[in-house]
Amino acid sequence: MNADQAGAPGRVDRRAVLRLAAWSVPVIAAGMAGSAATLGATAAAGTAARTASGTAARTAAGTAASTATGAVAGTGTAAETAAGTAAGVAASDAGTAAAASGVVTVGGSGYGAIAANVTRRVYGRNFSQSNYCWYLPSTLSVRNASYTITPLTSTKAALVPSQPSPGATNPLALLRLGPNNSRSGKQVIVDGLVLTGTVQPKSAANPLRPGHNYHGLSVYWGRRAKILNSTFIAAEWGDSNSPPGETFQIMGYHDVDTYISTVEVDGRTVAGTRVGGSPIGFNASTRPVVEDSYLHHSLVSSLTFSTAGGTPSMATATSSPTTRRVRIEHNANTKMAPGFRFTGINHEHVVGDITHILPKISIDWWEWTASHMFFGTWLPSARVHITIDPGEISGGHPNNQGCLTVAIPRLFNGRANGQRVTDVVVQDVSGRRLRAYIITGAQSKPMPVDRETHFIVNAA
């Protein structure tokens, strides 16, 4: 979705502190001497904060291999391609080093507060298992494990469609859990996973990119799947906010009651280069929940709830998603061209009840089209319930006076937008409703609004 296109909560306990307070790990940027950054817990939100440089990387997985055996270094392009090739492949073949990707340290506090539990390391090559690096349709539990694909081992670059390719999607993903159809759906538990992506060979679809695109973890026809206490590090590569260049580090597909909690999704390589398309995407998902998680530094997109397939319908729409205390920041930053800068939470053809409780959203672009949430649909209007602490919403055009800004354009992908402004309720933590201030174009001066009492609706 192009950003330039144009149960209701009651009183909520103001415990916006995530269960991620242990995120205070020194991280080492391989090949960047002395440029370590610290992922520290913030007292106000309890969520992880990056240093000002934003180029943090992770320590090697219990070895010095991520610097000695083909570590990702420098800018994350030439170094990933050249320095990480032979040594990284050799390390993977030997089953020892961190496959040149800087998987988290075992022991101590651990990155994302989960690495101390990692007891098993898996190093993969290529996407040869039904277009996945790891194809596990019968696996019901993945616990305390790290999965890393070795750099430059894919032979599937030719399968990546060019952008645009109407109706096409990227068929490649690192890890697939879940059966092939809804009748055999069973609960899958993921707890303590570290999933790390690396640069792969270039594709003709996008020769200017250092490597071809792919998805991360796919929850296929999941039933009550749980993804807990896990970290995703550049686990997908993407370059667009629409298919096939739109990719997801965690992707739900025709899943029901998926629950994601205490997860970090970082769209950067070890060297700090943004490569991730979107942190999490749900497609034709029913009642997904994301809570107490940190989604940051994606290249072109953010948390997305959408539809599966071609023409949207009630059968293919995502319905009744919920987020609680999710921190979203630095996704699709101002270095991206207009049209690629994205919103904090994206809703496309979503139906039912949409609930967001105490999100912390920071967007670092400032055009008048900037928004913290986007709503567009050809289907019946969803009932939207948003509870915010106004102080936890930041970014957007200065004339918006720091208010939560939601985009509900008159037209969505060339057709009338079915989402009604009157179906959107925003309240603060005391239950007091905020008033909508509707704009239909750029504002030449600060608006007569206050972030404590208003939210902005961009209906252009």
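Order Arg435, Arg451 by their accessible area, 1.4 angstrom probe, all chains in place, largest first.
Arg435, Arg451
Loop-located trypsin sites (Lys or Arg not before Pro) in the range 199-300 (DSSP state other than H, G, I, E, B) with a sparse environment of at most 16 neighbouring Cβ atoms within 10 Å: Arg224.
Along the range 271-279 the Karplus relation, 6.51 cos²θ - 1.76 cosθ + 1.60 evaluated at θ = phi - 60°, assigns HN-Hα couplings of 7, x, 7, 6, 9, x, x, 9, x Hz to successive residues, with x for each Gly and Pro.
For Leu379, the solvent-accessible surface with a 1.4 Å probe is about 20 Å², rounded to the nearest 10. Across the range 251-276, the residues whose backbone nitrogen lies under 19 Å from the label position 7 Å along the beta-carbon direction of Gln129 are 251-253.
The H on the amide N of Ile260, modeled in the peptide plane, is under 5 Å from the matching H of Ile227, Val289, Val290, Glu291, each at least 5 residues off or on a different chain.
Only protein heavy atoms count here; under a 1.4 Å probe, Thr440 has an accessible surface of about 110 Å². Pull out a ≥ b ≥ c, the square roots of the eigenvalues of the alpha-carbon gyration tensor of the range 244-328, then state rounded if a/c is under 1.5, prolate if not and a/b is larger than b/c, and oblate in the remaining case. Judged from the Cα gyration tensor, the range 244-328 comes out oblate (a/c at least 1.5, b/c at or above a/b). Distance from the alpha carbon centroid of the range 410-460 to that of the range 159-175 works out to 35 angstrom.
Ignoring ligands, DNA and RNA, what accessible area per residue does the range 420-459 give at 1.4 Å, in Å²?
55
Spherically averaged projected area of the convex hull of Cα atoms, the range 274-315: 3.6 nm². Arg224 sits among other residues whose Cβ lies under 12 Å from its own Cβ, and their net charge, with Lys and Arg +1 and Asp and Glu -1, is +2. Return the aspartates and glutamates within reach of Lys156: Cα separation strictly under 15 angstrom, same-chain partners fewer than 8 residues apart disregarded; answer none if there are no such residues. The qualifying aspartates and glutamates are Glu236. Considering only alpha-carbon pairs that sit under 8 angstrom and 6 or more positions apart, the relative contact order computed for the range 344-460 is 28 percent.
The values are calculated or read from the model by the stated rules, or taken from the named source; none is laboratory data. Because the structure is a prediction, the values reported are computed rather than measured. In this analysis, Cβ positions are derived from the backbone assuming ideal geometry, glycine residues included, and neighbour counts consider all displayed protein chains. The accessibility values were calculated without ligands, DNA or RNA, using every heavy atom of the protein model including side chains. Shrake-Rupley method; radii C 1.70, N 1.55, O 1.52, S 1.80 Å.
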